[in-house]
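Undergrad: What follows is a single structure, and I will ask about it in a moment.
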Amino acid sequence: MKINYSLNLRLTLVLELSHMSSTSQVTPTNTTNLFDTIQEMEHEQVMFCYDQPTGLKAIIAVHNTVLGPSLGGTRIWSYASDSEAITDALRLSRGMTYKAAISGLNLGGGKGVIIGSR
């Protein structure tokens, strides 16, 4: 049964991807909107990391792990705002879910974003 369930989930994700608008923008601007955005984009977990001695600021977004552990890399970028970094992490991790599903991998989607110096 797991094979049928996995195939059904993959087909669902592929159909969702084909109906997504490339112009849809996700821009959380405040805390309430941020949590609404995480819920709307159906993320399982979003972690915020900060290390004072090094100045490291990072966001780890796990979109979906139904098919398996999340797959994704890390992006280092100098974002204009923390909101842009959050938006990027959410969109990239969701994209990794769809990439894994389309590729037939038993993996979900996740992504890490490191906020570079401004």
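What follows draws every value from the coordinates through simple rules; no lab data is involved. Only a predicted model underlies this, so the values are computations on that prediction, with no experimental measurement involved. Positions of Cβ are generated from backbone atoms using ideal geometry, with glycine treated the same way; all protein chains shown enter the neighbour counts.
Undergrad: For Thr65 and Glu40, what is the calculated FRET efficiency with R₀ set at 22 Å and r taken between the beta-carbons, to the nearest 0.05? Write down the numbers at each step before the final one.
TA: Numbers: r = 18 Å, r/R0 = 0.84.
Taking R0 as 22 Å, the efficiency between Thr65 and Glu40 is 0.75.
Undergrad: Between Tyr50 and Thr74, with labels modelled 7 Å along Cα→Cβ, what's the label distance in nm to one decimal, could you check?
TA: 1.9 nm
Undergrad: Let me ask you something else. For the range 35-118, just say rounded, prolate or oblate: build the C-alpha gyration tensor, square-root its eigenvalues into a ≥ b ≥ c, call rounded for a/c under 1.5, and beyond that prolate if a/b exceeds b/c, oblate if not. All intermediate terms of the calculation are to be shown ahead of the outcome.
TA: Details: a/c = 2.17, a/b = 1.85, b/c = 1.17.
Judged from the Cα gyration tensor, the range 35-118 comes out prolate (a/c at least 1.5, a/b above b/c).
Undergrad: Taking the simple approach of a point 7 Å from Cα along Cα-to-Cβ for both Asn33 and Ser117, what is their distance in nm?
TA: Modelled inter-label distance: 3.0 nm.
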